[in-house]
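**Q** I have a structure here, written as structure tokens, and I will follow up with some questions on it.
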Amino acid sequence: MLEDQLSGARAIYAIEAHASQQRKQLDEFFAEIGSVAQTYKLSTGRLVSYAVQVNSAWTEILDEIAAAIRSHYDSTFYLNPADEVALEVISDLCRVTGSKMMPLPCCGICGKKELFPAATIVISGKGPHSIVRRYCSSCAADKCKQKTRDFVRALLDADRRNLKCLLEARLVRRKSRRDMAFTIAC
Ligand SMILES: [Zn+2]
């Protein structure tokens with residue numbers, strides 16, 4: 001089951017948007033995509049770029065999104081797959097166009113940059129701020145356990161930030177069965 005959730009097809013879309021109105025339209029467009037796929041905003045400014053991840057059975061959606069964008073904008077880039085090379089291209093384009101690249105989430109165990117973390121743990125304490133820890137697909141697969149509680153524990157135990165004190169924390173919420181997002185209280 002976890003393996004199903006860990007495999008996905010990813011692409012990056014970058015669009016040159018000169019007017020703030022265009023940027024707003026692009027944000028709205030990707031917000032709509034967000035209802036059927038996972039999206040991550042990669043850059044803002046003259047170059048608006050987003051990474052999109054879909055279930056590997058629906059890869060044609062990625063091409064359809066590219067076609068929809070091309071029909072509205074003159075200068076677009078479609079990078080499929082969204083691998084490290086694609087991220088370097090975006091980083092270069094951002095530099096050339098003076099756009100701002102967003103920080104990428106890092107895995108809490110191996111430190112690898114991960115666009116779409118396979119698992120997320122939100123640790124909410126008594127204060128107003130919660131800690132969010134994210135984990136890449138290989139680390140999540142490596143720590144995979146039958147029971148959710150054991151899985152969350154294994155991730156926290158291996159986390160590079162010393163979170164062992166939280167091992168007894170209470171699992172309060174799992175967003176949904178599909179999402180590997182857990183909230184624990186301490
Ligand atoms: Zn990792």
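Computed from the coordinates by the stated procedures, all read-outs in this text should not be read as laboratory data. All figures in this text were calculated on a predicted structure; none of them were measured in a lab. Ideal geometry is used to build each Cβ from the backbone, glycine not excepted, and the neighbour counts take in all protein chains shown.
**Q** Quick check: the angle from helix 84-97's long axis to the longest principal axis of the chain, C-alpha only, nearest 10 degrees?
**A** Between the helix axis and the principal axis of the chain, the angle is about 50 degrees.
**Q** Round to the nearest 10 and give me the degree value, 0 to 90, for the angle of helix 148-158's Cα axis relative to the longest principal axis of the chain.
**A** The answer is roughly 80 degrees.
**Q** Related question: Determine, for each peptide in 152-158, 115-121, the mean count of other beta carbons within 10 angstrom over its residues, then list the peptides with the highest first.
**A** 115-121, 152-158
**Q** Once amide H atoms are placed 1.01 Å from N in the peptide plane, what residues at a sequence separation of 5 or more from residue 43, or on another chain, have their amide H within under 5 Å of its amide H?
**A** So residue 43 has HN proximity to 49, 102.
**Q** On full extension of the chain, what length is gained from residue 35 through residue 110, given 0.36 nm per residue of separation minus the C-alpha to C-alpha distance?
**A** Between residue 35 and residue 110, full extension yields an extra 24.0 nm.
**Q** Report, in whole Å, the centroid distance computed from the Cα atoms of region 1-78 and region 111-156.
**A** 25 Å
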